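FYI, it's all coordinate maths here, none of it is from the lab. The structure presented is a predicted model; accordingly, all values stated were derived computationally and were not measured. Cβ coordinates were reconstructed from backbone atoms using ideal geometry, including for glycine residues, and neighbour counts include every protein chain displayed.
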Number of protein chains: 2
Amino acid sequence: MVALVHPAREQLRIEDVLEALANPIRLRIVHRLAAGEELTCGTTLPEVSKSTASHHWRVLREGGVLFQRRVGRTVLMSLRREDLDARFPGLLASVLAAVDSD
Amino acid sequence: MVALVHPAREQLRIEDVLEALANPIRLRIVHRLAAGEELTCGTTLPEVSKSTASHHWRVLREGGVLFQRRVGRTVLMSLRREDLDARFPGLLASVLAAVDSD
């Protein structure tokens with residue numbers, strides 16, 4: 001089973017976070033996770049193929065935008081809001097507001 | 001001479017702006033332009049090859065992050081701060097602050 005690697009808060013880089021956010025599907029994921037609950041992959045992107053979804057989770061995880069953890073055979077995801085707010089104050093809020101007004 | 005095409009303010013899309021910003025060289029360009037002056041290509045990225053620089057100007061222009069205009073044989077660039085602030089309040093400020101603290 002492949003390990004779910006996450007960059008630490010102090011390793012987050014603005015260009016990686018921007019890249020992770022720079023996609024309509026990934027913005028939708030982030031927007032759904034912003035409600036605060038942990039979600040499974042299936043509930044967050046039900047209409048996207050498994051391989052496409054996997055790619056997007058990986059980009060978001062490796063960029064430091066979301067946290068994934070395994071519970072049995074399920075992967076649960078949550079937004080790294082505290083880490084993002086600590087490192088890049090105001091960034092997530094402005095991006096979420098832009099998605100809201102879309 | 002190729003026309004310098006710019007998206008109108010209302011055409012700006014958050015994913016395109018994020019993509020345009022998601023690169024260390026482009027972040028450096030934006031940071032330099034944030035001082036407010038119009039700059040020439042040569043003064044903004046003196047250490048980068050012409051073709052690499054051209055690519056980055058284009059991504060920034062097409063994403064709606066900067067404005068380019070020709071004056072004789074020179075291209076002058078400026079940051080579209082008002083447009084970005086109007087459409088995505090707080091985004092540019094948070095990104096610039098992240099670059100500052102780097």
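Computed FRET efficiency, Cβ-Cβ of B:Gln11 and A:Gln11, R0 35 Å: what is it to the nearest 0.05? With a Förster radius of 35 Å, E is 0.50. Over all directions, the projected convex hull of the C-alpha atoms in chain B averages 6.4 nm² in area. Taken one residue at a time, the phi angles of region A:63-71 give Karplus couplings (6.51, -1.76, 1.60, θ = phi - 60°) of x, x, 8, 10, 10, 10, 9, 8, 10 Hz. Gly and Pro are set to x. Here the convex hull built on the C-alpha positions of the protein assembly as shown has a volume of 142 cubic angstrom per residue. Taking label points 7 Å from Cα along the Cα-to-Cβ direction, A:Thr74 and B:His31 give a separation of 4.3 nm. Between B:Leu79 and B:Phe67, the built amide H atoms are under 5 Å apart, and every one of these is 5 or more places off in sequence or on another chain. Karplus-based coupling profile of region A:31-41, in residue order and whole Hz: 4, 5, 5, 5, 5, x, 7, 6, 10, 7, 4, with θ = phi - 60° in 6.51 cos²θ - 1.76 cosθ + 1.60 and x standing for Gly or Pro.
Taking the label point 7 Å along Cα→Cβ, A:Ser51 and its counterparts in the other copies are spaced 3.1 nm apart, in ascending order.
Farthest towards the positive end of the charge dipole of chain B, among the residues B:Val99, B:Ile29, B:Leu18, is the Cα of B:Ile29, using unit charges on the Cβ of Lys, Arg, Asp and Glu. Quick one: Cα centre-to-centre distance for region A:66-91 and region A:2-64, in angstrom? If you average the Cα positions of each part, the centres end up 8 Å apart. Each stretch of four or more DSSP H residues adds -39500 (n - 2.57); spread over every residue of chain A, this sum gives -14500 deg cm²/dmol at 222 nm. If you run the Gaussian network model on chain B, springs between alpha carbon atoms under 10 Å, then out of B:Val48, B:Val59, B:Val75 the most flexible one is B:Val48.
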